[in-house]
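Comments concern the structure below.
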Amino acid sequence: MILTVLGSSGTYPRPGGACNGFLLQEGETNLVVDLGNGCMSNLVKQVEFTSLSAIVITHMHIDHFGDLYPLFYALRFFPGEPWDLPVLMPGGGLEEMGCILGEDSREYLARVFLERPISKGNIYQVGDMKAAFYPTRHPVEGYSVRIEGEGWKVAYSSDTTPCPGLLEAAQGSDLFICEATFPASYTKEASHGHMTSVQAAEAATGAGVKSLLLTHIWPTFDPEDILGEVKEVYAGEATLAREGLQLKFGGG
């Protein structure tokens, strides 16, 4: 399996960057997990958008689904109508997206995208991969996700404060993609639905993950400072998510 970072910024992109998004590829399976602002341009560098197997949207905040809009229009007007792309997302997500679209576009939204609602305990098979969902603790409905293929397990925190679902998703994974929005001293600010560097490190340690990929760091902060704080707590390999970074797992 090859994992490519499409975007790694929290809330808004840092210069030249994009908000959260990740592409997982194994065999003929191309799975995107979150598609935040700016991710589409990085996605099409890696794969034809008509060859996507499915999209996972972990929660309905714009920095995690914003580039579903350009993907929608790309598919909507593509010759041959490669529609019915499965989108695994909180129930009602497409209706929420449609609120800012014109009437004609709203009509096509549910034809281009095939909404597959996610909830606690859901397990979806996407080609060669299996995705399981665990509830987060965030101001809106959201899910951490655990994705498994042949010989590998990858977990993604989405946006959350520390909670049981986060540790369940991450348990024993080869790679834990975890938000570290704030430095350690911003515990109060993080408490509304995010994690600090130290909390991310503690979650990785508690779940016994093999390696940690830090994402969703606010552009306000220096990622190297966040990484330094993580390494004071987490003894495993820790890396910063950067646009274009690729990691390989298993035999795929």
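Listed values, structure above:
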| quantity | calculated |
| --- | --- |
| Where a residue in the stretch 107-128 is loosely packed, with under 15 Cβ neighbours inside 10 Å and its partner, wherever it lies, is among the charged types (D, E, K, R) and part of a strand (DSSP E or B), with Cβ under 7 Å and at least six apart | Ile123/Lys130 |
| Any hit, the stretch 69-79, residues being of a type in the set (A, V, I, L, M), more than 17 Å from the chain's Cα centre (by Cα) and modelled with pLDDT of 95 or more | yes |
| Criterion violated by Met1 - all others in (1) within 23 Å of Val112 (Cα to Cα); (2) more than 13 Å from the chain's Cα centre (by Cα); (3) buried (at least 24 other Cβ atoms within 10 Å of the Cβ) satisfied | (1) |
| Enumeration of residues in the stretch 215-252 that are aromatic (Phe, Trp, Tyr), more than 20 Å from the chain's Cα centre (by Cα) and closer than 30 Å to Gly27 by Cβ | none |
| Contacts under 6 angstrom Cβ, first residue in the stretch 233-252 being farther than 22 Å from Gly206 by Cβ, partner of a type in the set (S, T, N, Q) and in a strand (DSSP E or B), 6 or more apart | Gln246/Thr4 |
| Residue check for Gly91: of a type outside the set (D, E, K, R), at pLDDT 95 or above and touching a helix residue (DSSP H, G or I) at 6+ places or on another chain (Cβ under 8 Å) | no |
| Members of the stretch 139-178 that are within 12 Å of Ala203 (Cβ to Cβ), part of a loop (DSSP other than H, G, I, E, B) and touching a helix residue (DSSP H, G or I) at 6+ places or on another chain (Cβ under 8 Å) | Ser157, Thr160, Thr161, Pro162, Gln171, Ser173 |
| Output for the stretch 186-201, where each listed residue is assigned to a helix (DSSP H, G or I), closer than 23 Å to Val5 by Cα and not aliphatic (A, V, I, L, M) | Ser197, Gln199 |
| Residues of the stretch 94-112 satisfying the condition of being in contact with a Leu (Cβ under 8 Å, 6 or more places away or on another chain) and not β-branched (Val, Ile, Thr) | Leu94, Met97, Gly98, Leu101, Leu109, Ala110 |
| Selected residue (criterion: farthest from Arg242 (Cα to Cα)) from residues of the stretch 161-201 that are touching a residue at least 12 places away in the same chain (Cβ under 8 Å), in contact with a Phe, Trp or Tyr (Cβ under 9 Å, 6 or more places away or on another chain) and of a type in the set (Ser, Thr, Tyr) | Ser173 |
| Count of the stretch 41-60 residues which are outside any loop (DSSP other than H, G, I, E, B) and buried (at least 22 other Cβ atoms within 10 Å of the Cβ) | 4 |
| When residues of the stretch 4-40 are limited to those that are hydroxyl-bearing (Ser, Thr, Tyr), at negative phi and in a loop (DSSP other than H, G, I, E, B), the one nearest to the chain's Cα centre (by Cα) | Ser8 |
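The values are calculated or read from the model by the stated rules, or taken from the named source; none is laboratory data. Fair warning: this is a prediction, and the values are worked out from it, not measured in the lab. Positions of Cβ are backbone-derived with ideal geometry, glycine not excepted, and every protein chain shown enters the neighbour counts.
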